[in-house]
1. Could you say whether any residue in segment 77-88 is at pLDDT below 70 and not in a loop (DSSP other than H, G, I, E, B)?
2. Anything in segment 66-101 that is surrounded by fewer than 24 Cβ atoms within 10 Å (Cβ to Cβ), over 18 Å from Leu163 (Cβ atoms) and among the aliphatic types (A, V, I, L, M)? List them, or say none.
3. Could you check segment 1-16 and list, in sequence order, the residues that are under 16 Å from Asn147 (Cβ atoms) and either modelled with pLDDT under 85 or not in a helix (DSSP H, G or I) (or both)?
Amino acid sequence: MTAVLKAAVSAALAGLLGLDAVQAGQFLLSRPALVGPLLGWLNGCPLEGAKIGILLELLYIDFIPVGGVVPPNGCAAAAAGVLAHSAGGLAPSLAFFAGVAAGVGYAPLEYRLRASRSGLNAFIDAQVSAGDFRLRRWLARAMLVENLALGGYVLAVAGAAALVNLLPGVARLYPGTDFAYSLMPWLGLSGLYFRFRTQIYKKG
């Protein structure tokens, strides 16, 4: 399977897994800790995929979607990070930060998609209240649009990463990004520590 085909399949899979966040299932299949290793395995870099996914999970765990706030999309971040490395050719450190930026960048688009979907809530509520659990065409169409939006976004980020990799001076960034990347586990673990500490004090 060529790198381009793998990237396209991976982007489509990311779009499908992204539906699990809100639209269907909510089985945590869209979490970076799962998306990263899965796409890493599919693209021949399971260890880097797992590292990118787990670090993103640690960084994004403190984002709480309160009210109308849409947090960075972890699925988009993990998928974009893995593909920026495997398909785009960037070093893992720079690919990771590309993924972080991609997760933040997808949030406004996700907000608009959610807003456009909110008009369907009344119809879905009436349908379920009537005991009708069939998947209507208009609902399937809305989910397909969101699947394509996330998949296309991830693929676009991978393409942009490939273009960045062609720049003559990109290797000069790697010492800095490698150093910053080496600090991410400690940053993530410190955030996790304070999160658990807060929960313990609340129970106490």
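1. Looking for residues that are at pLDDT below 70 and not in a loop (DSSP other than H, G, I, E, B), one finds none in segment 77-88, hence no.
2. Val66, Val69, Val70, Val100
3. Of everything in segment 1-16, those that are under 16 Å from Asn147 (Cβ atoms) and either modelled with pLDDT under 85 or not in a helix (DSSP H, G or I) (or both) turn out to be Gly15, Leu16.
The values are calculated or read from the model by the stated rules, or taken from the named source; none is laboratory data. Worth saying up front: this structure is predicted, and the values here are computed from it rather than measured. Note that we place each Cβ from the backbone using ideal geometry, even for glycine, and neighbour counts take in every protein chain shown.
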